[in-house]
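**Student:** Structure in structure tokens, see below.
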Amino acid sequence: MRPLISHWDLDRPSQSSCGPANAVWWDLKRATPAQLRKALNLCCACPLLDFCRDETAALISAGAPPMEQIRAAAFYNEHGRRIDGGSYLYPRGGRRQAAADASTTPRSAA
């Protein structure tokens, strides 16, 4: 997997949440759904998000897209294609499936 963000070379890593200490959160193969939700929330609120989007666009243009990770508040699959991350955030159909499961679960007679 490629390093998440090269802006760690900048002199302000504390402004970013995606540093080495939390790297697993952005990894689509290793992170749990809860970690991915947290990573996406942190990414969306990051003060370096615009910089990261520009950097990600440059990587994609250079033929080196991010793979199997959240980057610049977007999900990228194993082929480096941007994808909808819903199945990673909410496995088994997501919130709708969970609601449907809850509504079809028989209630015990009390």
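Rundown of residues vs (1) of a type outside the set (Val, Ile, Thr); (2) in contact with a helix residue (DSSP H, G or I) (Cβ under 7 Å, 6 or more places away or on another chain); (3) in contact (Cβ under 8 Å) with a residue 60 or more places away in the chain, yes/no style:
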position	(1), (2), (3)
ASP50	yes, no, no
GLU55	yes, yes, no
ILE60	no, no, no
GLY63	yes, no, no
GLN69	yes, yes, yes
ALA72	yes, yes, no
GLY80	yes, no, no
ILE83	no, no, no
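**Student:** Can you name the residue in the stretch 32-48 that is under 13 Å from the mean Cα position of the chain (by Cα) and touching a residue at least 40 places away in the same chain (Cβ under 8 Å) and, of all such residues, is surrounded by the fewest Cβ atoms within 10 Å (Cβ to Cβ)?
**Tutor:** PRO33
**Student:** Moving on. Tell me which residues, restricted to the stretch 1-54, are among the β-branched types (Val, Ile, Thr) and at pLDDT below 90.
**Tutor:** ILE5, VAL24
The values are calculated or read from the model by the stated rules, or taken from the named source; none is laboratory data. Note that the coordinates shown come from a computational prediction; the quantities given were computed from them, not determined experimentally. When we count neighbours, we look across all protein chains shown, and the Cβ atoms used for this are built from the backbone with ideal geometry, even at glycine.
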